Amino acid sequence: MIAGGGIPPAVLETLEFPAALERVAAFAVGALGADRVRARRPGADAEFVRDALAQVAELAALLITDDALRAEPVPDLTDSLAMLRVPGSALEGLALGACAAALTAAQVVGAALGRLERDAPRSAALRVPLPPRQLETRLREAIDPAGDVLDGASRELARARRAVRETRAKLVARLERLLTDLDPQDRAPDAAVTLRAGRYVIPVRSTARGRVGGIVHDASATRATVFVEPPEVIELGNELRDRESDEQREVLRVLRELTDALRPHTEAIAAGWEMCVAFDDLCARARYAVEVNGFTPDIGGGPMKIRGGRHPLLVGGEIVVISFDLELAPDEYTVLISGPNTGGKTVLIKAVGILCLLAQSGIIPPIGPHSRLPVFTRVFADIGDRQSIAASLSTFSAHVAALRDILEHSDGASLVLLDEIGSGTDPAEGAALAAAALRSLTRRHAVTLATTHLGALKRLASESVGVVNASLQFDAETLTPTYRLLKGIPGRSYGLAIARRLGVAGEVLADAERAVPDAERRLDALLADVEARALALAQREETVHQAEEAATEDRARLEDRATSLARQEREVTQRERSADARARDQARGYLLEARKTVEAALGQARAAVDEATAREARRMLERAIAETKDGGRADGRTGGEKNLHVGDRVRTAEGVVGVVRELRPDGAVVLESGVLRVVTPADAIATVLDPTTVSGAKPQPSVRPRPSGSPLGPDRPTADHAASELKLLGLRADEAEAELTRALDAAIQADLPSLRVIHGKGTGALRELVHRLLRTDPRIAHFALAPANQGGAGVTVVALRS
């Protein structure tokens, strides 16, 4: 964003806007990203500001849950890009290494932005087409991070450098031999082969120069040692120079080749580099928003409304920052803030200014939700001492000059911040001038925040439409500021109270109090009463707020509990349905197997040609029928014994299970099987599943699971066939749960008062299962273990609700 013409740099400095930007820049990962943040300036286009803040908010929301998302630092490519745009130029190795680093960073950032396309489309819009990956690979293979050309850049370079190494090694070895062969009196102390003026030499005493011969390239400070290139190695040294020249020519060729490879992609490289810098700037602003817990304000569309505002330079420091709320009605333009010194009035108006400037610069400020900020094209700030000896301006003259400039240029799109307006001269004249200036600014609809100590200005709000009083709350007992903004209430000065606290003599204070006009004394008493009432109201609001929060938490807990119970109920129902389905499938399978066996036996019987074969067929049939019996629980009675009773559960020879509902005189039996009624001869009854008493009277039937081989699946107790006793011995947990549920359903429908559940003692697991299910069933009044003489810990007696 570029600086708006109506916000001079002096105003930005006054409001400490650069210092606030520095706080944001600290979150950048690279120097260029930080510089981009520092260069941000308030914009005046409301739509542009909204888009910038929305982009930051979008990324900040992701950073809250995924802190791994980061920008990549990039080197400065400004000069390199300029060189690439010059035909025939060649970049140095260091510049090419910087281009390689930038291309690598661009690939990483481009991939990260690609992943943000769904969750952060505004951030993903920064992504640009990048140069081919082969370009980055070629640079990495040819240039090391320090900017040196690698041997692998070309075969010719590798060959040239190998020749240089070999020639250098040969030269150094020859010099070392010559140095060893010298007379010890001719060698310099600690002599070794060294390099002077690009030539390899040996140090000798100056007195031996004639005996050694050759070319002297350097001498020590005392001239006692000279560095000589012996004549035997001059040609070898020249050869080394030639090899090094070949190497340098090949290096230059490689650099030119790499530069020519980059030049067609100059604009793509520039776009990728700019993408990295812009993303670093965006990430820094998003991380700042998360750090200060800032919320995106509405831009334009109404009067100023700041909720939970905090000064950006105080957030995160050692001082506990008290947030403030400032909301202007549609017909309010001027806020006149009064109260004692040290109350924070100046900090407040500077905070309002800097919050607006940050928002218009695309930075989410430390502000609460549901805030709204206008877009200001001009910002004026007359804050602090403007006294200038050089310009012969007193404090009052400097303030008047600033006020004149504000009145000449301000309009309805201006923010005006005035500190201690009307001070520095006679209170009466200062108050009159301040009141006139504030009325003029209000008529222009310029949003104005002014601080004052002048009591006369406190009455301006009651006399002028659009002006409203405000104050920063002050603790009257401790005489310390609370920094809480109170709109609509002018502040008291507390001058005499502070003087008394600081130890001013009592007679002086008494004399001063008598000198205070009656009107001022009455106004101060009225303000004290208003402050007390406002404090009591705030305390009541806080109490109500806490109660509302507690009620909300309780309601949430109850809703969670209800949701949990509903989920448990669904799970139990689902388990019951699954158990029923499994039992039906199992019973159907047993029935099919039994029918196959019976049909095989009947077929063999029909085809029998002798007595032995017929007996074998009858044995197969009897065995198939026996396999469908109730696990040894049947009493052994058969239909052939003619001792059936109404209510008996029986199984026919064909595998049909049902309840005897009628015994006809002709020997026929009416069975009820589910929703069907079947008439069958008594001789067709294979097994009686429920026992009866010896006398023939039918006992209270117990609710038991059907045998696993039952063709019709588990029995379902009904209201007219309910059991007062349930046996769960030998059942698995899922079977026991299903049977207990069915027994309870039937007992409730039959209006039984109680139910005995026989689960046995054993390990206690079945008992715990039964008790857990009973505790969660609202139809149970209470339950307990039976007395010792009625089963004790092996039986639970359940009392049902009527």
Radius ratio Rg over Rh of the range 76-146, counting only Cα atoms, Kirkwood formula for Rh: 1.06
Protein-only accessible surface order, largest first, of 78, 395 at 1.4 Å: 78, 395
Probe 1.4 Å, all protein chains present, accessible-area order of 288, 200, largest first: 200, 288
Segment residue 779-residue 407, length gained on full extension (0.36 nm per residue, minus Cα span): 125.8 nm
Solvent-accessible area, 1.4 Å probe, carbon plus sulfur percent, for the range 231-348: 51 percent
FRET E, pair residue 148, residue 39, Förster distance 41 Å, beta-carbon r, rounded to 0.05: 0.75
Whole-Å distance, taken between Cα centres, linking the range 737-783 and the range 246-284: 80 Å
Cut-off 9 Å between beta-carbons: net charge of the residues surrounding residue 759, Lys and Arg +1, Asp and Glu -1: +3
Hz values of 3J(HN,Hα) by residue in the range 232-248 - Karplus curve (6.51, -1.76, 1.60), Gly and Pro given as x: 5, 10, 4, 5, 5, x, 5, 4, 4, 4, 5, 5, 5, 5, 4, 4, 5
Karplus-derived HN-Hα couplings along the range 417-433 (A = 6.51, B = -1.76, C = 1.60, θ = phi - 60°), whole Hz, x at Gly and Pro: 10, 10, 9, 6, 5, x, 7, x, 8, 4, x, 5, 5, x, 5, 5, 5
Heavy-atom accessible area order for 559, 318, largest first, 1.4 Å probe: 318, 559
Efficiency of FRET between residue 346 and residue 557 - r from beta-carbon atoms, R0 41 angstrom, step 0.05: 0.30
Unit charges at the beta carbon, dipole of the range 100-221: most positive-side option, 191, 217, 124: 124
Sulfur and carbon atoms: percent of accessible area, the range 56-121 [1.4 Å]: 57 percent
In Å², nearest 10: area of residue 319 left accessible to a 1.4 Å probe: 120 Å²
Charged-residue dipole, Cβ positions (Lys, Arg, Asp, Glu), the range 20-77 about Cα centre, Debye nearest 20: 240 debye
Residue-level accessible surface for residue 664, protein heavy atoms, 1.4 Å, Å²: 100 Å²
Reciprocal mean inverse distance between Cα atoms of the range 94-135 - Kirkwood radius, Å: 11.1 Å
Two-site FRET efficiency, residue 672 against residue 566, from Cβ-Cβ distance with R₀ of 56 Å, rounded to 0.05: 0.95
Stretchable slack from residue 573 to residue 646, in nm (0.36 nm times residue separation minus alpha-carbon distance): 22.9 nm
Surface accessible to a 1.4 Å probe, residue 50 within the full protein complex, Å²: 90 Å²
Cα gyration tensor shape of the range 187-301, rounded if a/c is under 1.5, else prolate or oblate by comparing a/b with b/c: oblate
Per-residue HN-Hα couplings for the range 168-181 [Karplus 6.51, -1.76, 1.60; θ = phi - 60°; Hz; x = Gly/Pro]: 4, 4, 5, 5, 5, 5, 5, 5, 5, 5, 4, 5, 5, 6
Whether the range 301-366 is rounded, prolate or oblate, judged on the alpha carbon gyration tensor where a/c under 1.5 counts as rounded: oblate
Cα-based shape type of the range 1-133, given that a ≥ b ≥ c are square roots of the gyration tensor eigenvalues and the cut on a/c is 1.5: oblate
Those residues of the range 305-337 whose amide nitrogen sits under 16 Å from the label point placed on residue 465, 7 Å along Cα→Cβ: 329-334
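Given the Cα-Cα distance of residue 166 and residue 10 and 0.36 nm per residue of separation, how much length would full extension add, in nm?
49.5 nm
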Dipole magnitude of the range 19-143, debye to nearest 20 (Cβ charges: Lys/Arg +1, Asp/Glu -1, about Cα centre): 80 debye
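The values are calculated or read from the model by the stated rules, or taken from the named source; none is laboratory data. Quick caveat: nothing in here was measured; it's all calculated off a predicted structure. Ideal geometry is used to build each Cβ from the backbone, glycine not excepted, and the neighbour counts take in all protein chains shown. These area figures cover heavy atoms from the full protein model, side chains too; ligands, DNA and RNA do not enter into them. Shrake-Rupley method; radii C 1.70, N 1.55, O 1.52, S 1.80 Å.
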